[in-house]
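Written below as structure tokens is the structure these notes are about.
The values are calculated or read from the model by the stated rules, or taken from the named source; none is laboratory data. As the structure is a computational prediction, the values presented were derived from the model and not from experiment. In this analysis, Cβ positions are derived from the backbone assuming ideal geometry, glycine residues included, and neighbour counts consider all displayed protein chains. SASA here: full protein model, heavy atoms, side chains in, ligands and nucleic acids out. Shrake-Rupley method; radii C 1.70, N 1.55, O 1.52, S 1.80 Å.
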Amino acid sequence: MRLAKRVNRISVSPTLAVLMEAEKLKARGVDVVDFGPGEPDFPTPEHIKQAAIEALRENRTKYTPTAGIAPLREAVCRWHARELGSAYEPAECIINVGGKHAIYNAVNALIEDGDEVIIPAPYWVSFPDIVRLAGGEPVFVSTEASEGFRARAQQIEQAITPRTRMVIINSPNNPTGAVIPPADFERIYEACRRRDIWLMTDECYSHFTYGAAKPYSIAGINGSKPHIIVIGSLSKTFAMTGWRVGYTLAPKPLIDAVNKLQSQSTSNPTSIAQYAALAALTGPMDSVPLMLAEYARRRTRILAGLRAIAGVTCSEPSGAFYAFPDVSARLADGSGDSTILARHLLERQHVAVVPGDAFGAPGFLRFSYATSIERIDEGLRRLEAFFSAAATAK
Ligand SMILES: Cc1ncc(COP(=O)(O)O)c(C=O)c1O
């Protein structure tokens, strides 16, 4: 079939591909320990679900304004100001169909053929493909496990060319869990401001930070608005992945452009999901520290388990809910690249992980610890069996 060239520039999200493989096994009744999903295993909090039920009962099931209902845009601005110190007006806010859609729209509103977009690697899988689809060229700058995968301003500055239009920063990071300290973030922002480049900040995991790391937004800096695009999502913070609600905070002309794109594609995000999101942002947030405490417990467990495997190293994630061990020392012994290793793990031990290649980091595996301690323990047992069998087969 003859497909448009732009479709051939991209591939199916590799994280979703692994999920599909694991799902097929599960459908056959196989007990898969699934470290694949990048989503909370907690249910959406009750008061949020009730708000959606209420919206249904009140027949709030019609089209809404493309940019989202006015109270929700207002609530996003207030919530972001309260939690992360920004100062946006509703006219500088649009509600999107998840954070991914927010990124997709903003990139499409700004990036043209040949424009370069700097993305620190390892990166979330969708950033480069969204840039490519828009005709842009992703330019990767590498970050090191030994430095906790923290992106540095100096490296980003060195990658800037006259064609650079945007830098995308994701902190806390998927897949590494790295959190950029505020001082480093400010240096990255300064580099962008000086060169008049957009800084897109993907804050989807903002509220999942451990130890000294705290929720932070570069948009809290006075006067930063002209260069910053905030991408937010309710998916992770409020365990609402399936509801598909995200948002963009940016200067009004960009919001208007995104609104235009959205008006000719998805129209408004689902009306009842918007009412649920309104309850999430204006209601109690006690579910967030409860989830965070549980993730913290799991993080400790999985880190210890992974580090106990001979030849595997793992830097401590400061945020999100992923561990990203370096398994490269175990690849040389005949198991191939980390994609092959991930496939063998799924086939032989029924453990689902995402290979690092998908994130621009061959030699690594991504483990989501958004799964119970019991399943983590079972997964670690299987990993131990897998790697000791690989060692004896040498
Ligand atoms: C870094 C990052 N950004 C954005 C998203 C998009 O999330 P959603 O579209 O569910 O809001 C994800 C989801 O996994 C992510 O990991």
Give me the pairs, please: first residue somewhere in the stretch 89-106 and within 18 Å of MET166 (Cβ to Cβ) and within 12 Å of the ligand (Cβ to nearest atom), second residue anywhere and among the aromatic types (Phe, Trp, Tyr) and in a strand (DSSP E or B), beta-carbon distance under 7 Å, and either six or more positions apart or on two chains.
ASN96/TYR247; ALA102/TYR247
Can you tell which of ILE160, ILE218, ILE188, ILE156 is among the hydrophobic types (A, V, I, L, M, F, W, C) and in contact with a Ser or Thr (Cβ under 6 Å, 6 or more places away or on another chain)?
ILE218
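Anything in the stretch 156-187 that is over 23 Å from PHE364 (Cβ atoms) and either open to solvent by less than 10 Å² (accessible area, probe 1.4 Å) or within 15 Å of the ligand (Cβ to nearest atom) (or both)? List them, or say none.
MET166, PHE185, listed by residue number.
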Quick one: in the stretch 72-111, which of the residues that are among the hydroxyl-bearing types (Ser, Thr, Tyr) and in contact with a His (Cβ under 8 Å, 6 or more places away or on another chain) is farthest from ARG6 (Cα to Cα)?
SER86
Pairs with Cβ under 6 Å, 6+ apart, first in the stretch 77-88 and within 14 Å of MET285 (Cα to Cα), second part of a helix (DSSP H, G or I) and of a type outside the set (Phe, Trp, Tyr):
TRP79/LEU281
When residues of the stretch 243-253 are limited to those that are part of a helix (DSSP H, G or I) and in contact (Cβ under 8 Å) with a residue 60 or more places away in the chain, the one nearest to the ligand (Cβ to nearest atom):
TRP243
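A quick yes/no check of all residues on (1) buried (at least 22 other Cβ atoms within 10 Å of the Cβ); (2) within 19 Å of the chain's Cα centre (by Cα):
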position	(1), (2)
ALA293	no, no
VAL353	yes, yes
PHE367	yes, yes
GLY379	yes, no
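Can you tell me which residue in the stretch 190-204 is farthest from the chain's Cα centre (by Cα), limited to those that are open to solvent by 10 Å² or more (accessible area, probe 1.4 Å) and either within 16 Å of the ligand (Cβ to nearest atom) or aromatic (Phe, Trp, Tyr) (or both)?
Across the stretch 190-204, the extreme among qualifying residues is TRP198.
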Out of all the residues in the stretch 340-350, is one or more β-branched (Val, Ile, Thr) and buried (at least 17 other Cβ atoms within 10 Å of the Cβ)?
no
